[in-house]
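In what follows, a single structure is set out as structure tokens and then discussed.
The values are calculated or read from the model by the stated rules, or taken from the named source; none is laboratory data. Note that the structure is predicted; figures quoted are calculated from it, not measured. Cβ placement follows ideal geometry from the backbone for every residue including glycine, while neighbour counts extend to all protein chains displayed. All accessible areas refer to the heavy atoms of the entire protein, side chains included, with ligands and DNA or RNA removed. Shrake-Rupley method; radii C 1.70, N 1.55, O 1.52, S 1.80 Å.
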Amino acid sequence: MLIEDFNKVQLSPIEENVGQSLMSIRDLRVWFELRRWGFGHAGNVRAVDGVSFDIRQGEAIAVVGESGCGKSSLMKTILGLHRPTGGDVSFEGVSLSRLDRRGLKWYRSQVGYVQQDPFAALAPFMNIRRILEEPLIVNGVKDRDERTARIRKALEEVKLSPVEDFLPKFPHMLSGGQQQRIVIARAMILNPKLIVADEPVSMLDASVRVEILKLLRGLQESHNLAVIYITHDLSTVRYFSERIFVMYAGKLVEKAFTPDLLREPRHPYTFALLAATSDPDARNAEVYREVPPGEPPSLVNPPKGCRFHPRCARAMQGLCDVEAPSDFEAAPEHLVNCWLYK
Amino acid sequence: MNQQTPLLQLQELTLHFRTSRGAMRAVDGVDFSLGHGEAVVVLGESGCGKSSLARAILRLLPRNVQTYRGQVYLDGRELMSIEDEEFRKAIRWARISMVPQAAMNSLNPVMKVGDQVAEPMIVHGGVAKEAALANARKMFQHVGVPTDFLDRYAFELSGGMRQRVAIAMALVTAPDLIILDEPTSALDVLTQANIMNVLKRIKKELGVSYILITHDIATSSELADRVAVMYAGQIVEVGDARSFFAAPLHPYSQKLMASVPRLRGDQEPDFITGHPPSLLDLPKGCRFADRCPLRMAKCAEEPPTFNKHGRLVKCWLHG
Ligand SMILES: Nc1ncnc2c1ncn2[C@@H]1O[C@H](COP(=O)(O)OP(=O)(O)OP(=O)(O)O)[C@@H](O)[C@H]1O
Ligand SMILES: Nc1ncnc2c1ncn2[C@@H]1O[C@H](COP(=O)(O)OP(=O)(O)O)[C@@H](O)[C@H]1O
Ligand code: SF4
Ligand code: SF4
Ligand SMILES: [Mg+2]
Ligand SMILES: [Mg+2]
């Protein structure tokens, strides 16, 4: 209890050092109520449970974690699609909870969204021109010539040329990689300051993943965009983000600059993720990979104490299974949610 | 079983589909062989014909087949000439089984997973239900699913557990060869590593052979004894895993390897520009020519497969 309260007021060093923070997230909680027929309330899914971080203008961060750990719930809350159960998201110093409808519309024009499944993200009955025109119309760009010019520019930026060939096409006529470029073009068309990309390449063939990630990286640099890149694949993260936040069971368990985290991972879960990631090497076939036992916990009844303790080889009995750790600064700007670093 | 005879040998295996726009040459003259207890991975971009190759080996054909020919030898026995009925009884499942692409999402939702694993034994092996269930229990142990899950339904299991059940189903008839089509592509890193461990252990303990089909090159190295690279319906390189992963020979293989993001080492991944040719309208010469940085005049002619110290390469550079 005490530790939890302490967490709320503690400002971590990363957060104090921020000069130009674009978005600031404080102790964010996103819970979903579980209802059972005839029983009413049957508990909460604590999808996001006390997450804090800052994003600077022009910076790419990666949120890394396994399926079901709460990444998409975190994203949807950042996009204003879920209302937080607790805590706060603020953009350019203004809390989203204080925005009225017009404010929210403005906010959504500042944040672009790139989904995991490009085909599901694009309306099948609209051609590419309509798909890209819609956000412009909704946001009051009345002049048709201006809309056309902006659509052309967006398509050129995602390297779909000649533009004329693509405008009349429908999504099913495009490859997965091309569909994802359209999704990116749509996310960019209102000139946002932040792009949220939720597993943007996991549905794509390996051969086009790097191409799409490089495209995003290029746009980030040329437009000084902030990018939140969500993934479970650590091998791509190092080329495409400045900082990494590792997420486990609704919490961020390690936050550090990318090279620091990869050179010297601290949290036992981060270790496990790195140890399980293969590079192409014939020697891999000669050994078994080390994987922590068990599976990620239920978010309805997460384990007491540290949520990783049932799977952790270094768990300390009487401590890790009793009291949740807070964020400890293992090295400058390297925060680890683990008792080993107290 | 003669250890000298390869377990599986393909010669000029061909599978074309009939479409409204002409013949789709998904598998276009594939040769390769596989030894007992060996794992070959088939790598290639989406749409190059990997799953169709698996179908051609297992004779799991759609209705719109235009051409299906070539030779498939299993332990020296020619399979293409045998009757469908015999193939279904004595080959598919009994000798060669498959974990299809997205298998974990295709389990029967209204049947207990234990019964599902036992079913192929009852149907294809003529085993009594009791014995089949006992064997299913054994298979659950092999793939690392707790045996009290036998009575559960697919929706009660995580993705990783469902994938293990799919592997148990392919294992239960004690086949010599299992074809795995993208067994880990939809899974998280830790689950992926877990499944690869399971496959390695089964290979060691039961001596099965694998054909592992995937576009995930890094993970494929967890299992590969040999690597075959497929491009536009053809195999363009075959080599032992050690030489292949250290230095692939075909320009396409080299580009593929360079596109893999690596956790260790400092090589920035690069991507391959352009697209593979349409299988409806294939070029006459080398199929990789319009993306190949090393293209020469000769490449307008189709290269044969050259043997370079035991490694096979379909490229004029190695002639
Ligand atoms: N029954 C069919 N009729 C017509 N075309 C088909 C049929 N089945 C597959 N194809 C086509 O044959 C080509 C090869 O398909 P295949 O499924 O073998 O590719 P793959 O290499 O397994 O791809 P992926 O990595 O996406 O699974 C594709 O262009 C596909 O659309
Ligand atoms: N609308 C919802 N109602 C109830 N539970 C939800 C809802 N959305 C997500 N969840 C649950 O929250 C947890 C985290 O999900 P999600 O954020 O999608 O994880 P990730 O993106 O990391 O895979 C999961 O247990 C999921 O089932
Ligand atoms: S707090 Fe304890 S159980 Fe949790 S990761 Fe650290 S050592 Fe392991
Ligand atoms: S045959 Fe020619 S075009 Fe084809 S891969 Fe070799 S060098 Fe390149
Ligand atoms: Mg998600
Ligand atoms: Mg396939």
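Numbers at a glance
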{"item": "Test set (1) more than 16 Å from ligand 2 (Cβ to nearest atom); (2) open to solvent by 30 Å² or more (accessible area, probe 1.4 Å); (3) of a type outside the set (D, E, K, R) - residue A:116 fails condition number", "result": "(1)"}
{"item": "Test: residue in segment A:233-241 that is within 13 Å of chain B (Cβ to nearest Cβ), free of Cβ contacts under 8 Å to residues at least 12 places away in the same chain and within 30 Å of residue B:44 (Cα to Cα)", "result": "no"}
{"item": "Residue match in segment A:201-224 (condition: closer than 24 Å to residue A:52 by Cβ and touching a helix residue (DSSP H, G or I) at 6+ places or on another chain (Cβ under 7 Å))", "result": "no"}
{"item": "Which listed residue is buried (at least 24 other Cβ atoms within 10 Å of the Cβ) and small (Gly, Ala, Ser), from B:228, B:246, B:232, B:186", "result": "B:228"}
{"item": "Index of the failed condition, residue B:89 passing every other in (1) assigned to a helix (DSSP H, G or I); (2) at pLDDT 95 or above; (3) over 19 Å from the mean Cα position of the chain (by Cα)", "result": "(2)"}
{"item": "Odd one out for residue A:324 among (1) assigned to a loop (DSSP other than H, G, I, E, B); (2) within 14 Å of another protein chain (Cβ to nearest Cβ); (3) open to solvent by less than 60 Å² (accessible area, probe 1.4 Å)", "result": "(2)"}
{"item": "Residue list for segment A:205-230, filter: in contact (Cβ under 8 Å) with a residue 60 or more places away in the chain and within 14 Å of chain B (Cβ to nearest Cβ)", "result": "A:216, A:217, A:229, A:230"}
{"item": "Matching residues, segment B:206-225, being charged (D, E, K, R) and either open to solvent by 10 Å² or more (accessible area, probe 1.4 Å) or farther than 24 Å from residue B:269 by Cβ (or both)", "result": "B:216, B:225"}
{"item": "Every pair of residues 6+ apart whose Cβ atoms lie under 7 Å, when the first sits in segment B:44-63 and is hydrophobic (A, V, I, L, M, F, W, C) while the second is assigned to a helix (DSSP H, G or I)", "result": "B:61/B:55"}
{"item": "Filtered residues of segment A:160-200 (kept if among the charged types (D, E, K, R), touching a residue at least 24 places away in the same chain (Cβ under 8 Å) and over 26 Å from residue A:105 (Cα atoms))", "result": "A:169"}
{"item": "Residue list for segment B:249-279, restricted to those being within 16 Å of ligand 4 (Cβ to nearest atom), part of a loop (DSSP other than H, G, I, E, B) and open to solvent by 20 Å² or more (accessible area, probe 1.4 Å)", "result": "B:249, B:273, B:274, B:275, B:276, B:277"}
{"item": "Those residues of segment B:305-319 which are at pLDDT 95 or above, open to solvent by 60 Å² or more (accessible area, probe 1.4 Å) and in a loop (DSSP other than H, G, I, E, B), in sequence order", "result": "B:305"}
{"item": "Residue list for segment B:120-131, filter: without any contact (Cβ under 8 Å) to a residue 40 or more places away in the chain and in a helix (DSSP H, G or I)", "result": "B:122, B:123, B:129, B:130, B:131"}
{"item": "Which numbered condition residue A:249 fails, given (1) at positive phi; (2) among the hydrophobic types (A, V, I, L, M, F, W, C); (3) at pLDDT below 95", "result": "(3)"}
{"item": "Residue under evaluation residue A:187, criteria (1) under 25 Å from residue A:147 (Cα atoms); (2) within 14 Å of another protein chain (Cβ to nearest Cβ), criterion not met", "result": "(2)"}
{"item": "So residue B:302, is it in a loop (DSSP other than H, G, I, E, B) and in contact with a Phe, Trp or Tyr (Cβ under 9 Å, 6 or more places away or on another chain)", "result": "no"}
{"item": "Test: residue in segment B:144-151 that is in contact (Cβ under 8 Å) with a residue 60 or more places away in the chain and either buried (at least 23 other Cβ atoms within 10 Å of the Cβ) or basic (Lys, Arg) (or both)", "result": "no"}
{"item": "Filter result (more than 9 Å from every other protein chain (Cβ to nearest Cβ), surrounded by fewer than 21 Cβ atoms within 10 Å (Cβ to Cβ) and part of a loop (DSSP other than H, G, I, E, B)) within segment A:249-306", "result": "A:264, A:293, A:294, A:297, A:298, A:300, A:301, A:302, A:303, A:304, A:305"}
{"item": "Among (1) surrounded by fewer than 21 Cβ atoms within 10 Å (Cβ to Cβ); (2) modelled with pLDDT of 95 or more - the single one residue A:38 does not satisfy", "result": "(2)"}
{"item": "Lone unmet requirement of (1) within 16 Å of ligand 5 (Cβ to nearest atom); (2) assigned to a strand (DSSP E or B); (3) open to solvent by less than 50 Å² (accessible area, probe 1.4 Å); (4) at pLDDT below 95 for residue A:63", "result": "(4)"}
{"item": "Residue A:180 being touching a strand residue (DSSP E or B) at 6+ places or on another chain (Cβ under 6 Å) and either within 14 Å of another protein chain (Cβ to nearest Cβ) or buried (at least 19 other Cβ atoms within 10 Å of the Cβ) (or both)", "result": "no"}
{"item": "Residue satisfying all of: in segment B:221-243; part of a helix (DSSP H, G or I) and touching a strand residue (DSSP E or B) at 6+ places or on another chain (Cβ under 8 Å); farthest from residue B:31 (Cα to Cα) among these", "result": "B:243"}
{"item": "Qualifying residue in segment B:259-267 (condition: away from chain A (no Cβ under 14 Å) and among the acidic types (Asp, Glu))", "result": "no"}
{"item": "Unmet requirement for residue B:203, which otherwise passes all of (1) open to solvent by 20 Å² or more (accessible area, probe 1.4 Å); (2) assigned to a strand (DSSP E or B)", "result": "(2)"}
{"item": "Residue match in segment A:73-89 (condition: open to solvent by less than 10 Å² (accessible area, probe 1.4 Å), assigned to a loop (DSSP other than H, G, I, E, B) and either in contact (Cβ under 8 Å) with a residue 60 or more places away in the chain or within 14 Å of ligand 5 (Cβ to nearest atom) (or both))", "result": "no"}
{"item": "Meets criteria (at pLDDT below 95 and assigned to a helix (DSSP H, G or I)) for residue A:116", "result": "no"}
{"item": "Residue in segment B:280-300 that is nearest to ligand 5 (Cβ to nearest atom), counting only those that are within 26 Å of residue B:18 (Cα to Cα) and exposed (fewer than 12 other Cβ atoms within 10 Å of the Cβ)", "result": "B:281"}
{"item": "Only one of B:42, B:27 that is away from chain A (no Cβ under 14 Å), within 22 Å of residue B:237 (Cα to Cα), part of a strand (DSSP E or B) and away from ligand 5 (no atom under 16 Å from the Cβ)", "result": "B:27"}
{"item": "Long-range neighbours under 7 Å by Cβ, at least six apart or interchain, first residue closer than 14 Å to residue A:238 by Cα within segment A:264-276, second in a helix (DSSP H, G or I) and open to solvent by 40 Å² or more (accessible area, probe 1.4 Å)", "result": "A:265/A:271"}
